[in-house]
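Reading through the structure tokens given below for one structure.
The values are calculated or read from the model by the stated rules, or taken from the named source; none is laboratory data. Please read all numbers here as calculations on a predicted model, not as lab measurements. Don't worry about glycine lacking a Cβ; one is built from the backbone with ideal geometry, like all the others, and counts go over all protein chains shown. Just the protein is used for accessible areas: all its heavy atoms, side chains included, with ligands, DNA and RNA removed. Shrake-Rupley method; radii C 1.70, N 1.55, O 1.52, S 1.80 Å.
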Amino acid sequence: MTTTEGNGALLSLRGVKKHFGPVQALSDVTLDIPAGQVTALAGDNGAGKSVTIKTIAGLWSPDGGEILWDGKPVHLSGPRAAEALGIKTIYQDLALCDNLDIVQNMFLGHEHLAHRLLDEDSMETKARETLKELRVTTVRSIRQPVASLSGGQRQSVAVAKAVMANAKLVIMDEPTAALGVSQTRMVLELIKRLAAGGVAVMLVSHNLNDVFEVADRIAVMYLGRLVVQGPVSEFTPQTAVEYMTTGTAKHAVQAA
Amino acid sequence: MTTEQTEATPDEGPAPALSETELAAMAPEVLANSLSEYLLALWRRVKGGESGMLPIILGLVAIVVFFQIERSSFLTNGNLVNLFEEAAIYVVLGAAETFVLLLSEIDLSIGYGAGVGAFVIAEMIAPPINFPWWLGILIGVAVVGFLGLIQGTLVTRLGLPSFIVTLGGQLAFLGVMELIANADPTAVGGSIQISPSSPVYKLVLDNMSPALGWIVLAVCLVLFAGLRLNRSRSRRARGLHAEPLGVTLLTIAMVTVAGVLFVYVCNNNRSPLAVVRGVPWVIPFVLVIILAYSWLLSRTRTGRYIYAVGNNPEAARRAGIKVDRIIIFAFVMAGVTAALAGLIYESTQSSMATDIDGGQLVLFAVAAAVIGGTALFGGRGRMVNALLGGLIIAVVYDGLALMGVAVAVENIATAIVLIAAVALDAVVRRRSSTR
Ligand SMILES: Nc1ncnc2c1ncn2[C@@H]1O[C@H](COP(=O)(O)OP(=O)(O)O)[C@@H](O)[C@H]1O
Ligand SMILES: [Mg+2]
């Protein structure tokens, strides 16, 4: 079940390799990410998850292999090129400005202008619509500074920012790592809605509870290789852990 | 945003109650639907350490009351106008420093930047060059703006600390100023006179006619009220949350009272010998600078990016903002504004000489910005902070001078105000962050 069902995937990696000096960070990554689904990328520390998402985000260019976007090979020369395709990466630090309010953060770098001046009203209207679509309702006012938000709300703002930039693929690195139970729930709900809206979501997570709750597909990395990927129904928490820790599973539920 | 939501979706409960900290972090107009709610929200903010300008204004009032009790001549119109004129240069220098402080940089060169600007302007409009006054000012502004460009480029391209680059700038600009003075044979003893017929001279030393003062005030008030009301109306029309009408009207009323009082004070005769009355030109000059800069910071993309870079340069970079360009821009604006401060300086002196103390002026610049509430670590501060801070410095010096205190003690007192303002800010901040 490692390959080939991904024809029609929005993004596909085919045998992607990446080394840093003598360190072979990625030795063979073949991965499909379909639109409208949540694909969880799991793996132990050092397995190569971060290098994989940075490659997709255009921060590293691969040494070998192919990246296909809508089935066509693409060269991601940098973060701008990835963003232009509709790939939006939300790193753990979220990249928000605490002193700016929600609207200002959501539009940072893409401000609406009217007569060359900031068009606050138009931005506020659009931001409100987006948050409403995502049903982010716990913030009291979209004019409050991001500094006053909880971890989950900050995560929501980062996601809304991606949605508003018309992202087709949203990559999230450990979005729930720093969150408590209810905040985690809120973010997972948001991720589901995001995928339900047709966006491809790639979720990097250590937390198997989260993975099994939210993912449609699971992909596991082990020592720089993508060892298995498939629908969540083909995994149990036990097999997933086995893949993560040994790279194979003796009791795989079912081969595709 | 639930305040504006009309329909409720099944799985969404009411918005959870907010903690005191969250409430304190919000601008009062965000939460309030009426004047009383607004005042309540404002009070929460003050308690929560997100107080904005209120404590600074209260501090200013307290200092004024103290001096008035000590010396009844403090609140005479002659002394008040004198005080506003003194404040002008501190305010403009504070505004110059605000641009760089917002990026958590510092510019130690603006005192002598003002000196260079003033010298260039004086040379351009005096014989033998005799350029028109506006061209002279333009050239002076361009020269110091260019010096700012060099400093900003060194800071960004070579990654040098601005503290060091501008400390070097301070010394270098002193040298530039002396070179200009030495090169000009008409600058006797390093000093050039400003002709009393020149607008450069009249900026501080001449006044609007009383009638013109009232007319300008009336036009400004009508514009202010119109813009404010129109903004609320258009936000309501678009279904956005607008500040309560009561708040708008109260603001307009307060600004009107302040404006009328101000022009009234300036228009009364303030000299026992001859008739001296009217608003000194330098006051609208300073207010226009502060207004234009506030507008730049709050209404333009560049202004928004200054705040973003000041708070989180990495986030700004990822948002596609050219961080280096923003930093260079700030140093250019600091230079440009320093030249305008130099203009005020030479107008006050009616001449320009190399004995200008640029080292002390830059201390006033930082003090004005910081006393007014601008942070040293970037991302927080506004141009009005420089206005209030500059005013406080002028009040302290003026009041102590009236009390016959020695200059040495005046300096110590200003230092205490500076430390107190920063300490108060730090204490309130610590209290609000440990909750
Ligand atoms: N910039 C880099 N330079 C050198 N080695 C790197 C770099 N980034 C990652 N690596 C190495 O690549 C491997 C995979 O790392 P990473 O993708 O961060 O793992 P994780 O799955 O925990 O995110 C690790 O051995 C790591 O040390
Ligand atoms: Mg990682």
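Highest mobility in the GNM of chain A, judged by mean-square fluctuation with C-alpha springs under 10 Å and restricted to A:G71, A:G109, A:G152, is found for A:G109.
Here the protein assembly as shown is assigned +1 on the Cβ of each Lys and Arg and -1 on the Cβ of each Asp and Glu. Its dipole about the Cα centre then comes out at about 920 debye. Enumerate the whole-percent occupancy of each 5 Å bin, from 0 to the last occupied one, for all C-alpha pair distances of chain A. With 5 Å bins starting at 0, P(r) equals 1, 6, 14, 17, 19, 16, 12, 8, 5, 2, 1, 0, 0, 0. Of the solvent-accessible surface of chain B, computed with a 1.4 Å probe over protein heavy atoms with every protein chain present, carbon and sulfur atoms account for 69 percent.
Packing order of peptides A:52-60, B:298-306, B:380-388, highest average first: B:380-388, A:52-60, B:298-306 (average count of other Cβ atoms within 10 Å over each peptide's residues). In region A:1-115, a dipole from Cβ-located charges (positive for Lys and Arg, negative for Asp and Glu) runs towards its positive end, and of A:I102, A:I87, A:G15 it is A:G15 whose Cα lies farthest in that direction.
Excluding ligands, DNA and RNA and using a 1.4 Å probe, chains A and B jointly bury around 3700 Å² of accessible surface, summed across both partners. Projecting the Cα atoms of B:L221, B:S271, B:S234 onto the dipole axis of region B:209-279, where Lys and Arg carry +1 and Asp and Glu carry -1 at the beta carbon, places B:S234 farthest toward the positive end. Taking B:T348, B:T166, B:T248 as the candidate residues, the one with maximal mean-square fluctuation in a Gaussian network model of chain B, Cα springs under 10 Å, is B:T248. Charge tally around A:H115: other residues with Cβ under 14 Å, Lys/Arg +1 each, Asp/Glu -1 each, net -1. For the protein assembly as shown, the solvent-accessible area works out to 44 Å² per residue, with a probe of 1.4 Å and every protein chain left in place. How many percent of all Cα-Cα pairs in the protein assembly as shown sit more than 36 Å apart? Looking at the protein assembly as shown, the distances longer than 36 Å represent 51 percent of pairs. For region B:171-250, dividing the convex hull volume of the Cα atoms by the residue count gives 214 Å³ per residue. In percent, rounded to a whole number, the relative contact order of region B:209-279 is 41, using alpha-carbon pairs under 8 Å and six or more apart. Spacing of the modelled spin labels on B:S191 and B:N411, each 7 Å from Cα toward Cβ, amounts to 2.2 nm. For A:Y222, the residues whose modelled amide H falls within less than 5 Å of its own, excluding neighbours fewer than 5 places apart on the same chain, are A:V227. What percentage of the solvent-accessible surface of chain A, computed with a 1.4 Å probe over protein heavy atoms, is contributed by carbon and sulfur atoms? Of the solvent-accessible surface of chain A, carbon and sulfur hold 52 percent. Across chain B, the mean sequence separation of Cα contacts (distance under 8 Å, 6 or more residues apart), normalised by length, yields a relative contact order of 32 percent. For chain B, pairs of C-alpha atoms spaced more than 32 angstrom apart make up 43 percent of the total. Counting Cβ atoms of other protein chains within 10 Å of each Cβ in A:88-101 and taking the mean gives 4. Peptide A:134-147 shows a mean partner chain C-beta count of 6 within 10 Å per residue C-beta. Model label points for B:A258 and A:A114, set 7 angstrom from Cα along the Cα-to-Cβ axis, are 2.7 nm apart. Could you name the aspartates and glutamates whose alpha carbon sits less than 17 Å from that of A:K88, not counting residues in the same chain fewer than 8 places away? By straight Cα distance, A:K88 reaches A:D32, A:D70, A:D173, A:E174, B:E314. Which of the three applies to region A:122-250, rounded, prolate or oblate, going by the alpha-carbon gyration tensor with a ≥ b ≥ c and a/c under 1.5 meaning rounded? In terms of gyration-tensor shape, prolate. Buried on complex formation within region B:256-300 (loss of at least 10 square angstrom of accessible surface versus the isolated chain, 1.4 Å probe, ligands and nucleic acids ignored): B:W295, B:R299, B:T300. The residue among B:A87, A:L149, B:A122 whose Cα reaches farthest toward the positive pole of the charge dipole of the protein assembly as shown, with charges on the beta-carbon of Lys, Arg, Asp and Glu, is A:L149. Overall, chain B carries a charge dipole of about 1020 debye about its Cα centre when +1 sits on the Cβ of Lys and Arg and -1 on the Cβ of Asp and Glu, all other atoms neutral.
Among the listed pairs A:K161/A:K250; A:K126/B:K322; A:K192/B:K322; A:K18/A:K132; A:K49/A:K126, give every one whose C-alpha distance is greater than 32 Å. Checking Cα-Cα distances, A:K161/A:K250; A:K192/B:K322; A:K18/A:K132; A:K49/A:K126 exceed 32 Å.
Given +1 at the Cβ of Lys and Arg, -1 at the Cβ of Asp and Glu and no other charges, the dipole of region B:209-279 around its Cα centre is 280 debye to the nearest 20.
Just checking the listed ones, B:S347, B:S232, B:S104: in the Gaussian network model of chain B with Cα springs under 10 Å, the one fluctuating most is B:S232.
Once you list every other residue whose beta carbon is under 15 Å from the beta carbon of B:L167, what net charge do they have if Lys and Arg are +1 and Asp and Glu are -1? Net charge around B:L167: -3.
Residues of region B:373-405 that lose at least 10 Å² of accessible area (1.4 Å probe, protein heavy atoms only) when the other protein chains are present, relative to their chain alone, are B:G379.
Relative protection proxy for A:190-201, B:115-126, from highest mean packing down: B:115-126, A:190-201 (other beta-carbon atoms within 10 angstrom). Of the trypsin sites (Lys or Arg not before Pro) found in region B:203-254, no site is in coil according to DSSP while having at most 10 other Cβ atoms within 10 Å of its Cβ.
Within 10 Å of each Cβ in peptide A:104-111, how many partner chain Cβ atoms are there on average? Round it to a whole number, please.
Average neighbour count from other chains, rounded to a whole number: 5.
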